[in-house]
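Below is one structure; the comments refer to it alone.
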Amino acid sequence: MEVVIVPDAKAGGELIAEAMAALVRRKPDALLGVATGSTPLPIYEALARKVGAGEVDASAARICQLDEYVGLPAGHPESYRAVVLREVVEPLGLTEASFMGPDGSAEDVVAACEAYDRALAEAGGVDLQLLGIGTDGHIGFNEPCSSLASRTRIKTLTEQTRVDNARFFDDDLEQVPHHVITQGIGTILDARHLVLLATGEGKAEAVAQTVEGPLSALVPASALQLHRHATVVVDEAAASKLKLADYFRHAYANKPSWQGL
């Protein structure tokens, strides 16, 4: 995989947003997979600025969700559908018709998982999937020891993930659901380009295990080692435990400008 070390989160957001803009210029109806949480916000802000400035026309682009809480009432402000509409779809000037996501309130959750996995394939597949990484190395909500061949399915969150996400629920752990629908690791690996952004020292160990550690279900993000086009963008703090950091800097500094991410 390619590792790009940037000065800070803003620089990482700008770099990835330009890669997304370049993709949309090449393929106007590209299917862009998005992640939630605080880490990718600089990406969405930078991309929205580009759209607003007329640097890219995203009107035909499509957006799809990586995961969703199970059991939150329709319209709950912290459902990932609501978050993606608020933070990505609306700022890009898109409509809800451009959006795809799993149904976390379905009576038959298993069928909803299968339907979403099928819908992604029928849409032509994800062109670029954004990813964050948990402190335990999870991607999407594929918690440690998830199958590396897994498809979209229901998962039980670890207590650490619920604690990490409580900040979005007024720091009230009781409000954080125990279950989610998530694209499986196998589903994620179907995307044509994977782009993981990690910032802050708290992610440094997970990044090091992902990039330089063994392929292991214990660190789900290490599955990116199997992908034909995976890019890991990290700030200096998140890169602090990489043994090959100097090589990664050298490789990126000498990369042909036409190659892009």
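For segment 105-133, what are the residues that are surrounded by fewer than 24 Cβ atoms within 10 Å (Cβ to Cβ) and in a loop (DSSP other than H, G, I, E, B)?
Ser105, Ala106, Glu107, Asp108, Ala123, Gly124, Gly125, Asp127, Gly132
I need the full set of residues from segment 168-189 which are surrounded by fewer than 17 Cβ atoms within 10 Å (Cβ to Cβ) and either among the charged types (D, E, K, R) or part of a strand (DSSP E or B) (or both), in order please.
Once the filter is applied, which keeps residues that are surrounded by fewer than 17 Cβ atoms within 10 Å (Cβ to Cβ) and either among the charged types (D, E, K, R) or part of a strand (DSSP E or B) (or both), segment 168-189 yields Asp170, Asp171, Asp172, Glu174, His179.
Spot the failing condition for Pro102; the list is (1) without any contact (Cβ under 8 Å) to a residue 60 or more places away in the chain; (2) buried (at least 19 other Cβ atoms within 10 Å of the Cβ); (3) not in a helix (DSSP H, G or I), and only one is missed.
If we test Pro102 against (1) without any contact (Cβ under 8 Å) to a residue 60 or more places away in the chain; (2) buried (at least 19 other Cβ atoms within 10 Å of the Cβ); (3) not in a helix (DSSP H, G or I), just (1) comes out false.
Can you give me the number of residues within segment 52-83 that are in a loop (DSSP other than H, G, I, E, B) and within 14 Å of Ala106 (Cβ to Cβ)?
6
Pick out the one residue from Ala238, Ala217 that is in a loop (DSSP other than H, G, I, E, B), modelled with pLDDT of 95 or more and surrounded by 22 or more Cβ atoms within 10 Å (Cβ to Cβ).
None of the other options fit; the residue is Ala238.
Where residues in segment 150-167 are open to solvent by 40 Å² or more (accessible area, probe 1.4 Å) and over 18 Å from the mean Cα position of the chain (by Cα), which of them is modelled with the highest pLDDT?
Only one residue fits best here, namely Thr156.
Can you go through Ala46, Ala30 and tell me which one is more than 24 Å from Glu114 (Cα to Cα), over 12 Å from the mean Cα position of the chain (by Cα) and open to solvent by less than 10 Å² (accessible area, probe 1.4 Å)?
Step by step, each of Ala46, Ala30 is checked, and only Ala46 is more than 24 Å from Glu114 (Cα to Cα), over 12 Å from the mean Cα position of the chain (by Cα) and open to solvent by less than 10 Å² (accessible area, probe 1.4 Å).
If you check Val4 against the conditions, is it among the β-branched types (Val, Ile, Thr), surrounded by 19 or more Cβ atoms within 10 Å (Cβ to Cβ) and over 30 Å from Asp246 (Cβ atoms)?
So Val4 fails the test.
The values are calculated or read from the model by the stated rules, or taken from the named source; none is laboratory data. The structure presented is a predicted model; accordingly, all values stated were derived computationally and were not measured. In this analysis, Cβ positions are derived from the backbone assuming ideal geometry, glycine residues included, and neighbour counts consider all displayed protein chains. Heads up: the accessible areas ignore ligands, DNA and RNA and are worked out on the full protein's heavy atoms, side chains in. Shrake-Rupley method; radii C 1.70, N 1.55, O 1.52, S 1.80 Å.
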